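Here the structure is laid out as structure tokens; the discussion comes afterwards.
The values are calculated or read from the model by the stated rules, or taken from the named source; none is laboratory data. Because the structure is a prediction, the values reported are computed rather than measured. A quick note on method: Cβ atoms are made from the backbone with ideal geometry, for glycine too, and the neighbour counts reach across all protein chains shown. For the accessible areas, the whole protein counts, side chains as well, though only heavy atoms, and no ligand, DNA or RNA atoms are used. Shrake-Rupley method; radii C 1.70, N 1.55, O 1.52, S 1.80 Å.
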Amino acid sequence: MFVSDCRREFYEAIVSQRVLLLVASDVDALCACKILQALFQCDHVQYTLVPVSGWQELETAFLEHKDQIKLLVKQDDDLDVPAYDDIFRDEEDEEEDSENESDGSEPSEKRRRFEEDVIERTMKRRQRREWEARRREILFDYEQYEYHGTSSAMVMFDLAWIMSKDLNDMLWWAIVGLTDQWVQDKITQMKYVTDIGILQRHVSRHNHRNEDEENSLSIDCMRIAFEYDLRLALYQHWSLYESLCNTSYTSASLKLWSVQGQKRLQEFLADMGLPLKQVKQKFNSMDMSLKENLREMIEESANKFGMKDLRVQTFSIHFGFKNKFSASDIVYATASLMENIEKEGPETTNFIKALDSLSRGNLDKLHQGLDLAKKQLRAIQQTVASCICTNLVISQGPFLYCSLMEGTPDVKLFSKPVSLCLLSKYLLKSFVCSTKNKRCKLLPLVMAAPMDVEQGTVIMVGIPPETESSDKKNFFGRAFEKAADSTNSRTLHNHFDMSIIELKTEDRSKFLDALISLLS
């Protein structure tokens, strides 16, 4: 069900009938789905949930359930959708000027018609300039949403809040949805900080509202807290040492794939005064005396080693007295459950497990996701180290290119889009830290991995440059389409993220040649 405006009238129109939810397979979409499910339960609305991983599954689901799908648009509502003529211009309009050729008329008639043509052409040129200016403005507005849009979970929470039906669980899912966009590097740091501020106000409101409730001290209570935390993946559910080694930011900054990098890590730990025995055991088992001021100790030493962004604004959640998770913990766990390569039943099993893990009553599934996330992060860092040490990242002119070969450890994991995107972003960050070539530091990355050996296909992703001023715009979607069209390469543009494609292995060479030519 596609809802074009997040307002009360549309929601009321939706709940008047049985609803079909088509949910894409990413954590932000799952969080939005959980919020909608909670709203539907409040209003006793029946719905059908259909997970879709790409355009093909979306089309199939549409055809199977088309009787349930309706476009909900009020006739008197202004949806701010631009008119066709505001965006597109027919070729016939462009050619009209060239059709007014001389037709053998009298000189005086020719002169009169010539003057009229000059005036008409001048007016058309002025109208075209005005049209182009209006078109640029419209496209700029749309690009802001394409690349910098608010997370879908935050949009759904905003809907719940407007209707005064927002619950603590819904707020937490909105936080996780935003954190997913930040972890996946889909939004700028400025956008993340701005949205964190919006959610922080909601957290304060909810905490104040729940202060007088009887279950505020119950073992079943749920408490959300804003905090400045360490930018270390899963460190509270892992050892501090493992987290430092397998977090992209610290691994790239210290260059842990090299012998010199390992020495710097030892120096970093020594500067903090942390015994190796302590940092290599589970975080929960560390001495309380060390954990009390751990964040301050790490931040102080991190600044000396050039890691000035190790502290990040985030939220954590407490379930009862024992279980505490940060928002990024949930993102890593849920994403790993969705792309679990250990098949256990039908294709939708992973989706349902990931969706269930977002509920506080399914902590066993969440812990299973955390274990899978640790394996994924280890695999990513080992692959990054292998690619850099064996010089697999090469410059192709307008972009960097890296291809994983069949037989590479954990290569099956990287046939999944989210895992491959994470690997690509971590690899690009590490390569930028390792290379001395200033030009290469400013280049985007194209990465390929085997997808289906039997069918002879690879999955390919394009990542924008790793720069502080990056606005996260990704032009590879359109570039991939043009390169495929110009070479008749057999590609499948099935993913909702257009910068991810599937390609026949034997067509890869000519496809890359066309891409190089196109972007040069």
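Using a cut-off of 19 Å between alpha-carbon atoms, which lysines can reach K165, once sequence neighbours fewer than 8 places away in the same chain are excluded?
K34
Where Lys and Arg each count +1 and Asp and Glu each count -1, what net charge lies around L423 among other residues with Cβ under 13 Å from its Cβ?
Values: positive: R378, K412, K416, K425, K429; negative: D185, E339, D410.
Around L423, the charge tally is +2.
Enter the accessible area of V50 (Å², nearest 10), with the probe set to 1.4 Å and all protein chains included.
V50 exposes around 20 Å² with every protein chain in place.
How long is the gain from R490 to Q262 if the chain were fully straight, where each residue apart is worth 0.36 nm and the alpha carbon distance is subtracted? Don't jump to the answer; show the numbers that get you there.
Numbers: separation 228, 0.36 × 228 = 82.08 nm, distance 4.38 nm.
Length difference between fully extended and current span is 77.7 nm.
What's the extension gain from E130 to Q200 if we count 0.36 nm per residue and subtract their Cα-Cα distance? Can you show the working numbers first?
On the way: separation 70, 0.36 × 70 = 25.20 nm, distance 4.28 nm.
Contour length minus the Cα-Cα distance gives 20.9 nm.
Leaving ligands and nucleic acids out of the surface, order I516, I224 by accessible area at 1.4 Å, largest first.
Numbers: I516 40, I224 0 Å².
From most exposed to least exposed: I516, I224.
Just to verify a number: what accessible area does T179 come out at with the full protein assembly present, 1.4 Å probe, Å² rounded to tens?
Its heavy atoms expose roughly 0 Å² to the probe.
Kindly sort M288, M222 by accessible area of their heavy atoms, largest first, with the probe set to 1.4 Å. Don't skip to the answer; put the middle values down first.
Values: M288 120, M222 25 Å².
Listed by decreasing accessible area, they come as M288, M222.
For a quick check of understanding: with a 1.4 angstrom probe and all protein chains in place, what accessible area in square angstrom does C245 have, to the nearest ten?
30 Å²
Can you list which of the GluC sites (Glu not before Pro) found in the range 220-295 are DSSP loop residues with at most 10 other C-beta atoms within 10 Å?
On the way: sites: E227, E242, E267, E292; in loops: E292.
Passing both the DSSP loop test and the Cβ count: E292.
With r as the distance between the Cβ atoms of T435 and E506 and R0 = 35 Å, compute the FRET efficiency 1/(1 + (r/R0)^6) and round to 0.05.
Once the sixth-power term is evaluated, E becomes 0.70.
Which order do H65, H44, H367 take by accessible area at a 1.4 Å probe, largest first? Write down the numbers at each step before the final one.
On the way: H65 40, H44 165, H367 80 Å².
Greatest to least solvent exposure: H44, H367, H65.
Over 20 Å between Cα atoms, which of K412/K504; K482/K510; K191/K441; K429/K472 qualify?
Numbers: K412/K504 17 Å; K482/K510 13 Å; K191/K441 24 Å; K429/K472 14 Å.
Going by Cα-Cα distance, K191/K441 fall outside the 20 Å limit.
In the range 267-357, what is the count of Lys pairs whose alpha carbons are under 17 Å apart, counting only pairs at least 8 residues apart or on separate chains? Intermediate values should be presented prior to the final figure.
Values: K277/K291; K280/K291; K282/K291; K282/K322; K282/K324; K291/K322; K291/K324; K343/K353.
Pairs that pass both the separation and distance tests number 8.
At 0.36 nm per residue, minus the direct Cα-Cα distance, what do E116 and W161 gain on full extension? Give it in nm, one decimal, please. Each step should come with its number before you reach the end.
Working: separation 45, 0.36 × 45 = 16.20 nm, distance 6.02 nm.
The span from E116 to W161 would gain 10.2 nm if fully extended.
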